[in-house]
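Here the structure is laid out as structure tokens; the discussion comes afterwards.
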Amino acid sequence: MIIQLEPGCTENQLRVIRASVEAAGYQHNDVTTQSGHYLVCIGTGDFDIRNIGTLAGIQDIHRVSDAQKLVSAKWKVGHTEISIADGVRIGNGHFQIMAGPCSIESAEQISEVAGHLKAHDVRIMRGGVFKPRTSPYSFRGLGIEGLKVFSDICRAEGICIITEVMQSDQIAAMYPYVDIFQVGARNMQNYNLLDALGEVDTPVLLKRGISGTIKELLYSAEYIFSGGNERIMLCERGIRTFEPAYRNTLDLNGVALLKEKTHLPVVVDPSHGIGIRRFVGQMTLAGVAAGADGVILEVHPRPDQAASDAQQTLGFDAASAIYRKSRALREVLAS
Ligand code: PEP
Ligand code: MN
């Protein structure tokens, strides 16, 4: 059960509401976010919901059978729309393309990509400065100094930034420069990091772990929401299966299911999802057809020379064709 409290709900009213919830045999959790105050109530007992719903201080009350309550589509009217910047919205019918290199490498590389994105009206640039690499000897990113350069160039061009945060103690230093924090697949269940991201007002793109189930992904999103941040996007980026012919298996079933189960926007990452450049275009369109609210693509001016994930990174021409086709497909799907 989710109780949405009125903005002006007083301490006294809250005391009465809590006592009634306890009397019904439910445990309650206070959640205050940027836009709401909720009591998330856990229990199984049967009772007349009107006994609580009519109490002073309550705006709305919802029975939600899902264990991942706040992110469930069962209580919220419509889908969540996240405003990232002026005119840059995702979810609830708004589609966004995010594109850029796997890793930020130099000012020149950032400027080239930003120019390409601007020319194609792509408003969000991706690029890692803290890179989780399988081998400790691989390029691990330019760190906070790289992020400052990334931010300076993109802000001047009116482009938003999405970049990965790997641990909670990086958040404060990164905060002024980031428009969307990306939680990488390896960190989907880093609950300290998720808690800490609940405390900021920056949107979060939460990637599904390589062996994370849909349920676990939703629980992880619930951590961020219950920590106070409602501005969450989920990202399907491929899971590990028995099939070694491609890097990961992009689980588009998951996209369709998530769109039904949650009100949060869902993004598809076909670059990591298949890991093979020549198939990224097809899988992007498949992701759009599955209902994605956005796509995130790895794009580099000289893809073969990319410092990381070169094998799945697109050049500008291939990327431009994918932006165009994705937008056209959205139009067809909406018609
Ligand atoms: C990335 O976006 O470059 C990345 C490391 O993604 P993931 O966490 O999905 O592997
Ligand atoms: Mn990558």
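The values are calculated or read from the model by the stated rules, or taken from the named source; none is laboratory data. Worth saying up front: this structure is predicted, and the values here are computed from it rather than measured. Heads up, the Cβs are rebuilt from the backbone with ideal geometry, glycines too, and the neighbour counts pull from every protein chain shown. Keep in mind that these areas ignore ligands, DNA and RNA; they rest on the heavy atoms of the full protein, side chains included. Shrake-Rupley method; radii C 1.70, N 1.55, O 1.52, S 1.80 Å.
Please find, within the range 182-193, the residue that is nearest to ligand 1 (Cβ to nearest atom) out of those that are part of a helix (DSSP H, G or I) and open to solvent by 10 Å² or more (accessible area, probe 1.4 Å).
Looking at the filtered set, the residue picked out is ALA185.
From the residues in the range 229-255 that are closer than 19 Å to TRP75 by Cα and open to solvent by 10 Å² or more (accessible area, probe 1.4 Å), which one is farthest from ligand 1 (Cβ to nearest atom)? It would help to see each step written out before you state the result.
Filtering the range 229-255 down to residues closer than 19 Å to TRP75 by Cα leaves 229-234.
Adding the requirement that they be open to solvent by 10 Å² or more (accessible area, probe 1.4 Å) leaves 230-231.
Numbers: GLU230: 22, ARG231: 19 Å.
That would be GLU230.
Residue by residue through the range 304-335, note down the ones that are of a type in the set (D, E, K, R) and over 15 Å from CYS102 (Cβ atoms). If you could, list the steps in order and put the result at the bottom.
At the first step, the residues of the range 304-335 found to be of a type in the set (D, E, K, R) are 304, 309, 317, 324-325, 327, 330-331.
Of everything in the range 304-335, those that are of a type in the set (D, E, K, R) and over 15 Å from CYS102 (Cβ atoms) turn out to be ASP317, ARG324, LYS325, ARG327, ARG330, GLU331.
Going by the structure shown, is ILE214 within 20 Å of PRO270 (Cβ to Cβ), among the hydrophobic types (A, V, I, L, M, F, W, C), within 15 Å of ligand 1 (Cβ to nearest atom) and touching a Leu at 6+ places or on another chain (Cβ under 8 Å)? Even if it seems obvious, please write down each step before you answer.
Details: within 20 Å of PRO270 (Cβ to Cβ): yes; among the hydrophobic types (A, V, I, L, M, F, W, C): yes; within 15 Å of ligand 1 (Cβ to nearest atom): no; touching a Leu at 6+ places or on another chain (Cβ under 8 Å): yes.
No.
Do the conditions hold for ARG247, that is, is it basic (Lys, Arg), within 16 Å of ligand 2 (Cβ to nearest atom) and closer than 25 Å to GLU105 by Cβ?
Details: basic (Lys, Arg): yes; within 16 Å of ligand 2 (Cβ to nearest atom): yes; closer than 25 Å to GLU105 by Cβ: yes.
Spelling it out, ARG247 is indeed basic (Lys, Arg), within 16 Å of ligand 2 (Cβ to nearest atom) and closer than 25 Å to GLU105 by Cβ.
Pick from the range 106-124 the residues that are over 22 Å from ILE82 (Cα atoms) and of a type in the set (Val, Ile, Thr): which of them is nearest to ligand 2 (Cβ to nearest atom)?
Looking at residues that are over 22 Å from ILE82 (Cα atoms) and of a type in the set (Val, Ile, Thr), I get VAL113.
Tally up the residues in the range 123-153 that are more than 16 Å from ligand 1 (Cβ to nearest atom), part of a loop (DSSP other than H, G, I, E, B) and either of a type in the set (Ser, Thr, Tyr) or touching a His at 6+ places or on another chain (Cβ under 8 Å) (or both), please. Break it down stepwise before answering.
Pass one, the range 123-153, residues more than 16 Å from ligand 1 (Cβ to nearest atom): 123, 137, 144-145, 148-149, 151-153.
Now drop any that are not part of a loop (DSSP other than H, G, I, E, B), which leaves 123, 137.
Next cut, either of a type in the set (Ser, Thr, Tyr) or touching a His at 6+ places or on another chain (Cβ under 8 Å) (or both) only: 137.
Of the residues in that region, 1 qualify.
Yes/no matrix, rows are residues, columns are (1) within 20 Å of ASN229 (Cα to Cα); (2) open to solvent by less than 20 Å² (accessible area, probe 1.4 Å):
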residue: GLN4; (1), (2): yes, no
residue: LEU14; (1), (2): no, yes
residue: GLU22; (1), (2): no, no
residue: TYR26; (1), (2): no, no
residue: ILE52; (1), (2): no, yes
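Inspect all residues belonging to the range 244-251 and state whether any of them is modelled with pLDDT of 95 or more and closer than 19 Å to ILE124 by Cβ.
Pass one, the range 244-251, residues modelled with pLDDT of 95 or more: 244-251.
When the remaining residues are screened for being closer than 19 Å to ILE124 by Cβ, the result is none.
So far as the range 244-251 goes, no, none of its residues is modelled with pLDDT of 95 or more and closer than 19 Å to ILE124 by Cβ.
Can you find a residue that is modelled with pLDDT of 95 or more and among the charged types (D, E, K, R) anywhere in the range 42-53? Don't jump to the end; show me each part of the working.
Residues of the range 42-53 that are modelled with pLDDT of 95 or more, as a first pass: 42.
Keeping just the survivors that are among the charged types (D, E, K, R) gives none.
No, the conditions are met nowhere in the range 42-53.
When only residues in the range 290-324 that are more than 16 Å from ligand 2 (Cβ to nearest atom) and under 21 Å from THR241 (Cβ atoms) count, which is least open to solvent (accessible area, probe 1.4 Å)?
ALA292
So, in the range 293-318, of the ones that are in contact (Cβ under 8 Å) with a residue 60 or more places away in the chain, outside any helix (DSSP H, G or I) and over 20 Å from PHE139 (Cα atoms), which residue ends up farthest from ligand 1 (Cβ to nearest atom)?
It comes out as ASP293.
Go through the range 125-148 and give me each residue that's away from ligand 2 (no atom under 16 Å from the Cβ) and buried (at least 21 other Cβ atoms within 10 Å of the Cβ).
Step one: filter the range 125-148 for residues away from ligand 2 (no atom under 16 Å from the Cβ), giving 136-137, 143-145, 147-148.
Scanning the range 125-148 gives a single hit, LEU147.
What's the number of the condition ASP269 fails, among (1) more than 16 Å from ligand 2 (Cβ to nearest atom); (2) touching a strand residue (DSSP E or B) at 6+ places or on another chain (Cβ under 7 Å)?
Failing condition for ASP269: (1).
Select, from ALA173, ALA156, the only residue that is more than 16 Å from ligand 2 (Cβ to nearest atom), under 22 Å from GLY115 (Cα atoms) and assigned to a helix (DSSP H, G or I). Before the answer, list the steps.
Numbers: ALA173 fails: under 22 Å from GLY115 (Cα atoms).
Only one candidate qualifies: ALA156.
Residues that are within 14 Å of TRP75 (Cβ to Cβ), part of a strand (DSSP E or B), in contact (Cβ under 8 Å) with a residue 40 or more places away in the chain and not acidic (Asp, Glu): does the range 18-36 have at least one?
Scanning the range 18-36, I find at least one residue that is within 14 Å of TRP75 (Cβ to Cβ), part of a strand (DSSP E or B), in contact (Cβ under 8 Å) with a residue 40 or more places away in the chain and not acidic (Asp, Glu), so the answer is yes.
State whether one or more residues within the range 60-67 are of a type in the set (A, V, I, L, M, F, W, C), surrounded by 16 or more Cβ atoms within 10 Å (Cβ to Cβ) and not in a loop (DSSP other than H, G, I, E, B). Steps first, please.
Residues of the range 60-67 of a type in the set (A, V, I, L, M, F, W, C): 61, 64, 67.
With surrounded by 16 or more Cβ atoms within 10 Å (Cβ to Cβ) added as a condition, the list becomes 61, 64.
So of that shortlist, the ones also not in a loop (DSSP other than H, G, I, E, B) come out as 61.
Checking the range 60-67: at least one residue is of a type in the set (A, V, I, L, M, F, W, C), surrounded by 16 or more Cβ atoms within 10 Å (Cβ to Cβ) and not in a loop (DSSP other than H, G, I, E, B).
Residue-wise test of (1) closer than 25 Å to THR202 by Cβ; (2) in a loop (DSSP other than H, G, I, E, B).
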site	(1), (2)
GLN4	yes, no
LYS74	no, yes
GLY78	yes, yes
ILE84	yes, no
